[in-house]
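The values are calculated or read from the model by the stated rules, or taken from the named source; none is laboratory data. What you see is a predicted model; the values in this text were computed from it and never measured. FYI the Cβ positions are ideal-geometry reconstructions off the backbone, even for glycines, and counts take in every protein chain you see.
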């Protein structure tokens, strides 16, 4: 790992604990095992470093994909949702800090979430294809449907630690149930397995 990449890792690690104000160039350089001169040589300023670090981390965070042409909507959306859930869960401390920084440093939060726009667009396109193929009937709004599933996954990840009583099921079971409920809500004409908990209730 070269010094530039070390600095990106260090910036995210320090920022995840201390936010923008606490992520000083001195602390970041110490965490990276380099001097501040090296930091400024690579990035020029703390602001540029933080923007690059957040963009770099966001690219790693939002990597879930969907096929252009749906073949098995349940399996495809389940894999997409589980991958996205796992990524959110792995980086939830960073996400919480970024959200807490929004009032004072909105650019940091927006940078951390920018890559999510591509994933959001991919899901909209996928759902539009389901509708075109006649696999999702009924009247439903494409934007609202996309927001519903992505928002549910985000809510579970961010709420599970502080409100465990609201999530008596495992994360994996939760994702399966969310996807199954989502497909039913858009009238998906596909086989959706009934979750074990529901089958025995």
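Taken over region 161-182, residues that are out of contact with any helix residue (DSSP H, G or I) (no Cβ under 7 Å at 6 or more places or on another chain) and farther than 17 Å from residue 75 by Cβ amount to 7.
For (1) in contact with a strand residue (DSSP E or B) (Cβ under 7 Å, 6 or more places away or on another chain); (2) touching a residue at least 40 places away in the same chain (Cβ under 8 Å); (3) not assigned by TED's automatic domain parsing to the domain that holds residue 170, each residue gets a yes or a no:
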{"site": "30", "(1), (2), (3)": "no, no, yes"}
{"site": "35", "(1), (2), (3)": "no, no, yes"}
{"site": "67", "(1), (2), (3)": "no, yes, no"}
{"site": "72", "(1), (2), (3)": "no, yes, no"}
{"site": "93", "(1), (2), (3)": "no, yes, no"}
{"site": "100", "(1), (2), (3)": "no, yes, no"}
{"site": "103", "(1), (2), (3)": "no, no, no"}
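Residues that are over 23 Å from the mean Cα position of the chain (by Cα) and in contact (Cβ under 8 Å) with a residue 24 or more places away in the chain within region 37-65 comprise 38, 39, 42, 43, listed in sequence order.
Identify, from the list 32, 108, the residue that is farther than 30 Å from residue 137 by Cα and modelled with pLDDT of 95 or more.
Details: 108 fails: modelled with pLDDT of 95 or more.
32 is the lone residue from the list that is farther than 30 Å from residue 137 by Cα and modelled with pLDDT of 95 or more.
Applying the set (1) assigned to a helix (DSSP H, G or I); (2) exposed (fewer than 14 other Cβ atoms within 10 Å of the Cβ); (3) out of contact with any helix residue (DSSP H, G or I) (no Cβ under 9 Å at 6 or more places or on another chain) to residue 79 leaves exactly one unmet item: (2).
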